[in-house]
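Reviewing the structure listed below.
The values are calculated or read from the model by the stated rules, or taken from the named source; none is laboratory data. Predicted, not measured: the structure shown is a model, and the values here were computed from it. Neighbour counts run over all protein chains shown; Cβ positions are idealised from the backbone, glycine included. Just so you know, the surface numbers come from the protein's heavy atoms only, side chains and all, with ligands and any DNA or RNA stripped out. Shrake-Rupley method; radii C 1.70, N 1.55, O 1.52, S 1.80 Å.
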Amino acid sequence: MSFNLIDINNWVRKDYYNHYMHKVCCTYSLTSNIDITGVRTALKSMNKKIYPAQIYMLTTVVNQYQEFRMNIDSDGNLGFWDELNPSYTIFNKEKELFSSIWTIHSDSFIQFYENCISDIDCYSSAENLMPKPDQPLNTFNISSLPWTSFTGFNLNLYTDGSYLPPIFTIGKFIEQDNKVLMPLSVQVHHSVCDGFHVGRFTNALQELANNYSDWLYK
């Protein structure tokens, strides 16, 4: 998968990137409730689990927008990946430990679901942080907190401030007014992603959830 370099001097976001990366290094998070009533009902009727569908939906929308595929390579060059794959958390109930594993993305939900379930089953008893080897560079992170709902969530990354891939955190479903809502926190770097982009992302994710019949059976 290709990593495409950006010519910062001729990039439309040059001023924004330099300001929020070098002058006022800034990340931010936004939490929304995504209505997944329809897709959850459909998955139940198919006897399928919801978590792979959540991962699939997030990955599908991430790959629609360049600003969510930005990164800095090992030589310090800014660019974006053609496509990202999800790295996501699973939980060992016996040891009360989580692990982070990854699955190659597929446009076919049925194919992705099978691969995702296979990976989860394979590593569900893992007792280390990253049990699946050879994680590709073009990944982004998804965490799940199915034990609690939230109206806000924030991660504090104590690094050099140059981590650009988005980070998603999914909360326990909220059931109200005959709807099932999925709390979702999106954390991004302001140098590459503004509020407009996060808003567009959450709207696209909601549209994907609404139109589940277009992809759930393929």
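Structural remarks
- The residue pairs whose first member lies in the stretch 127-143 and is assigned to a strand (DSSP E or B), whose second member is basic (Lys, Arg), and whose beta carbons are closer than 9 Å, counting only pairs six or more residues apart or on different chains, are Phe140/Arg69.
- Leading residue by the ranking (surrounded by the fewest Cβ atoms within 10 Å (Cβ to Cβ)) among those in the stretch 169-191 that are among the aliphatic types (A, V, I, L, M) and touching a Ser or Thr at 6+ places or on another chain (Cβ under 7 Å): Ile174
- Those residues of the stretch 192-211 which are open to solvent by 60 Å² or more (accessible area, probe 1.4 Å) and either in contact with a Pro (Cβ under 9 Å, 6 or more places away or on another chain) or assigned to a helix (DSSP H, G or I) (or both), in sequence order: Phe196, Arg200, Asn203, Glu207, Asn210
- Within the stretch 186-201, residues that are within 12 Å of Leu30 (Cβ to Cβ) and of a type in the set (Phe, Trp, Tyr) have Cβ atoms under 8 Å from residues that are open to solvent by 10 Å² or more (accessible area, probe 1.4 Å) and not in a helix (DSSP H, G or I) in these pairs: Phe201/Tyr65, counting only partners at least 6 apart in sequence or on another chain.
- Residue in the stretch 148-162 that is polar (S, T, N, Q), over 30 Å from Trp215 (Cβ atoms), in contact (Cβ under 8 Å) with a residue 40 or more places away in the chain and touching a helix residue (DSSP H, G or I) at 6+ places or on another chain (Cβ under 9 Å) present: yes
- Selection within the stretch 71-92: residues that are among the hydroxyl-bearing types (Ser, Thr, Tyr) and in contact (Cβ under 8 Å) with a residue 24 or more places away in the chain. The member of this set that is most open to solvent (accessible area, probe 1.4 Å) is Thr89.
- Of all residues in the stretch 1-34, those that are open to solvent by less than 60 Å² (accessible area, probe 1.4 Å), farther than 25 Å from Ser106 by Cβ, of a type outside the set (Phe, Trp, Tyr) and not in a loop (DSSP other than H, G, I, E, B) total 6.
- Evaluation of Phe80 against the conditions (1) more than 16 Å from Cys122 (Cβ to Cβ); (2) part of a helix (DSSP H, G or I) shows that the sole unmet condition is (2).
- Qualifying residues in the stretch 129-168 (those that are more than 12 Å from Ser87 (Cα to Cα) and among the polar types (S, T, N, Q)) - the one most open to solvent (accessible area, probe 1.4 Å): Thr151
- Sole residue being of a type in the set (A, V, I, L, M) and within 27 Å of Gly76 (Cα to Cα), chosen from Leu164, Leu184, Leu216: Leu164
- In the stretch 107-126, the residues that are open to solvent by 30 Å² or more (accessible area, probe 1.4 Å) and part of a loop (DSSP other than H, G, I, E, B): Asp107, Ser108, Ser124, Ser125
- Residues in the stretch 162-181 that are farther than 16 Å from Thr59 by Cα and not in a loop (DSSP other than H, G, I, E, B): Gly171, Ile174, Glu175, Gln176, Lys179, Val180, Leu181.
- Checking Ile36 against (1) of a type outside the set (Phe, Trp, Tyr); (2) touching a helix residue (DSSP H, G or I) at 6+ places or on another chain (Cβ under 8 Å); (3) over 27 Å from Gly195 (Cα atoms), the condition it does not meet: (3)
- Count - residues of the stretch 43-64 that are in contact with a Phe, Trp or Tyr (Cβ under 6 Å, 6 or more places away or on another chain) and either surrounded by fewer than 16 Cβ atoms within 10 Å (Cβ to Cβ) or more than 15 Å from Glu83 (Cβ to Cβ) (or both): 1
- Here Glu67 meets the list (1) surrounded by fewer than 20 Cβ atoms within 10 Å (Cβ to Cβ); (2) not in a strand (DSSP E or B) almost entirely, failing just condition (1).
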